[in-house]
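Notes follow once the structure below has been shown.
The values are calculated or read from the model by the stated rules, or taken from the named source; none is laboratory data. Nothing here was measured: the structure is a model prediction, and the numbers come from that model. We place every Cβ from the backbone using ideal geometry, glycine too, and count neighbours over all the protein chains shown.
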Amino acid sequence: MTRRFRLLVLVMALLLVAAGSMVVVWTQQDDEEPVTILGTWTAAQEERFETVLRGFGIPFRYQGTAAQREVLLSKVQSGEPPDIVIMPGLGELAEYADQNLLEPLNALYDPQEYGAPWKSTGSPSEDVYWVPVKADLKSIVWYREGNRPAAAPAPVESWCLGMGDDGASGWPGTDWIEDLVLQREGPAFYEKWALDTGTPEWWRSDPVRTAWEAWAGLLRQNEDAAKRALLTDHRGAPDGNGLLFDDRQGCTLEHQGSFAPSFYRGEARHAGLMDSAPLLPGGGGRVRAHEVTGDFAALFSDRPAARDLIRRLASAEGQQKWADLADVFSANRRVKHRGGPVERAIMRRLGAGPRCLDASDVMAPAVRDAFYEAALLTVARAAAGQDVDVPGLLKDVQRVQDAQSARSGDRRAAPKTVCSTR
């Protein structure tokens, strides 16, 4: 029984009572209904997540989809949003919060267990609208065991590239550009660009332009490689072991987050990692910071059962169960991660040193989508052997940024910081 139908039944009952009729109306109580959850995890990770949720003893119904943005928007517009959404898009969650569609999570978890850059507020008095329930490291490169690359920029043929995704094609390209900006300019500039702070036109600034041109130059080294990247899903074939192990074109490196081993499946134990900085176009070798991402839980409902589920999932105990069962990483400082050398290397980088949230994740959705589109156009033009007009592409993204800023003004719930300095 949907909430809309329950409300209609209640209204009809009140009208009948007001008319003098004696009616008895039975409706299913909210707390007896399963908590509805919308996330991005599917297949094996969905099964493990549901196992964790069953341990909480709260009835739930989980829906996992790669087209989460579209599914969520449809549900919100129809008046039937899920009780809980779990997604990486903080910019999108901030828009929902600014529309008063999200419930504050104040007192549902201890922010001190997380810290920067995961905390969503600038001061203790501000409302909290999301909590990270899974963390991942970026600014790393994966390679096949026994084939550790030299600490120098690699040609495009060495890279396993795929721009495709069910719901957000182009984001792997934005990861390259974000990492180039971060390693070349450092966290201070990166944060200002991601948050669009101050008056400069950040998209048309020299640091963003030169980073973008470096990536475009890499793609233009080989039209066939660029064409394959445009037509390839970043996860590889549905029944394969990821691009790093299944690619037949001889690639040996993959610029991908710490979630990549879930694509490698049985070959994951043969994958190693290193910092991306020395391998990026232009090289230099200096690691200025690490880009990180997360999956953040937010509440569209104030139902007690939904609040209780968030409380349990965000707790150190809930996060520990999730990490132990699914081999995922948590931003919760109290969680102890187990694993081999690769897992320990990831945790060292997640837990210390400058870390910056994925820039496109914190941008307003319209700007993020323009960023994705410009990245795809860069690959398409390189694949066609055409000149890549980087200033023109950045001018278009800046135009979207300017329109967004004029329309939304002060984004009340938007992240206040992107980078940590510790």
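Count, please, the residues in the stretch 53-112 that happen to be among the aliphatic types (A, V, I, L, M) and assigned to a loop (DSSP other than H, G, I, E, B).
Within the stretch 53-112, the first condition is being among the aliphatic types (A, V, I, L, M), and the residues that meet it are 53, 58, 66-67, 71-73, 76, 84-87, 90, 93-94, 97, 101-102, 105, 107-108.
Checking which are assigned to a loop (DSSP other than H, G, I, E, B) leaves us with 58, 66-67, 101-102, 105, 107-108.
The qualifying residues number 8.
Does residue 422 meet the test of being at pLDDT below 95, basic (Lys, Arg) and surrounded by fewer than 18 Cβ atoms within 10 Å (Cβ to Cβ)?
Yes: the conditions hold for residue 422.
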Checklist outcome for this item: Residue pairs within 9 Å by beta carbon, gap of at least six or interchain, first lying in the stretch 27-39 and closer than 25 Å to residue 296 by Cβ, second at pLDDT below 95 and assigned to a loop (DSSP other than H, G, I, E, B), listed first then second, are 33/1; 38/65; 39/65
Checklist outcome for this item: Out of (1) under 22 Å from residue 163 (Cα atoms); (2) part of a helix (DSSP H, G or I), the one residue 385 does not meet is (2)
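If you check residue 207 against the conditions, is it farther than 27 Å from residue 69 by Cα and touching a strand residue (DSSP E or B) at 6+ places or on another chain (Cβ under 8 Å)? Even if it seems obvious, please write down each step before you answer.
On the way: farther than 27 Å from residue 69 by Cα: yes; touching a strand residue (DSSP E or B) at 6+ places or on another chain (Cβ under 8 Å): no.
Judged against the criteria, residue 207 is not a match.
Of the residues in the stretch 388-413, how many are of a type outside the set (D, E, K, R) and outside any helix (DSSP H, G or I)?
So the first thing to find is which residues in the stretch 388-413 are of a type outside the set (D, E, K, R), and the list is 388, 390-394, 397-398, 400-401, 403-406, 408-409, 413.
Next, from what is left, pick out any that are outside any helix (DSSP H, G or I): 388, 409, 413.
Total satisfying the criteria: 3.
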Checklist outcome for this item: A careful count of residues in the stretch 57-104 that are touching a strand residue (DSSP E or B) at 6+ places or on another chain (Cβ under 8 Å), charged (D, E, K, R) and surrounded by fewer than 17 Cβ atoms within 10 Å (Cβ to Cβ) gives 1
Checklist entry - Going by the conditions given, is residue 118 assigned to a loop (DSSP other than H, G, I, E, B) and within 14 Å of residue 356 (Cα to Cα)? => result yes
Checklist entry - Out of all the residues in the stretch 105-115, which are among the hydrophobic types (A, V, I, L, M, F, W, C) and surrounded by 15 or more Cβ atoms within 10 Å (Cβ to Cβ)? => result 105, 108
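What are the residues in the stretch 233-244 that are touching a strand residue (DSSP E or B) at 6+ places or on another chain (Cβ under 7 Å) and either closer than 17 Å to residue 144 by Cβ or of a type in the set (A, V, I, L, M, F, W, C) (or both), if any? Before you say what the answer is, go through the steps one by one.
Residues of the stretch 233-244 touching a strand residue (DSSP E or B) at 6+ places or on another chain (Cβ under 7 Å): 233-234, 243-244.
243, 244, listed by residue number.
When the residues of the stretch 328-339 are filtered to those that are in a loop (DSSP other than H, G, I, E, B), of a type outside the set (S, T, N, Q) and touching a residue at least 40 places away in the same chain (Cβ under 8 Å), which remaining residue is nearest to residue 291 (Cα to Cα)? Even if it seems obvious, please write down each step before you answer.
Here is the first cut: in the stretch 328-339, the ones in a loop (DSSP other than H, G, I, E, B) are 328, 330-339.
Next, from what is left, pick out any that are of a type outside the set (S, T, N, Q): 328, 331, 333-339.
In the following step, the residues that additionally are touching a residue at least 40 places away in the same chain (Cβ under 8 Å) were identified as 328, 331, 333-334.
Numbers: 328: 17, 331: 14, 333: 18, 334: 21 Å.
Result: 331.
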Next on the checklist: Consider the stretch 160-192. How many of its residues are surrounded by 20 or more Cβ atoms within 10 Å (Cβ to Cβ), more than 15 Å from residue 375 (Cβ to Cβ) and of a type in the set (Phe, Trp, Tyr)?
Outcome noted: 1
Checklist entry - Does the stretch 132-150 contain any residue that is of a type outside the set (Ser, Thr, Tyr), modelled with pLDDT under 95 and within 27 Å of residue 207 (Cβ to Cβ)? => result yes
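Restricting to the stretch 157-208, and then to whatever is part of a loop (DSSP other than H, G, I, E, B) and of a type in the set (D, E, K, R), can you tell me which residue is modelled with the lowest pLDDT? Let's see the steps before the verdict.
So in the stretch 157-208, the residues part of a loop (DSSP other than H, G, I, E, B) come out as 160-163, 165-170, 186, 196-201, 205.
Pick out the ones that are also of a type in the set (D, E, K, R) and you get 165-166, 196, 201.
Working: 165: 89, 166: 81, 196: 92, 201: 94.
Top of the filtered list is 166.
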Item to check | Which numbered condition residue 322 fails, given (1) part of a helix (DSSP H, G or I); (2) closer than 30 Å to residue 400 by Cα; (3) of a type in the set (Phe, Trp, Tyr) | outcome: (2)
Next on the checklist: Regarding the stretch 367-375, can at least one residue be identified that is at pLDDT below 95 and within 20 Å of residue 189 (Cβ to Cβ)?
Outcome noted: no
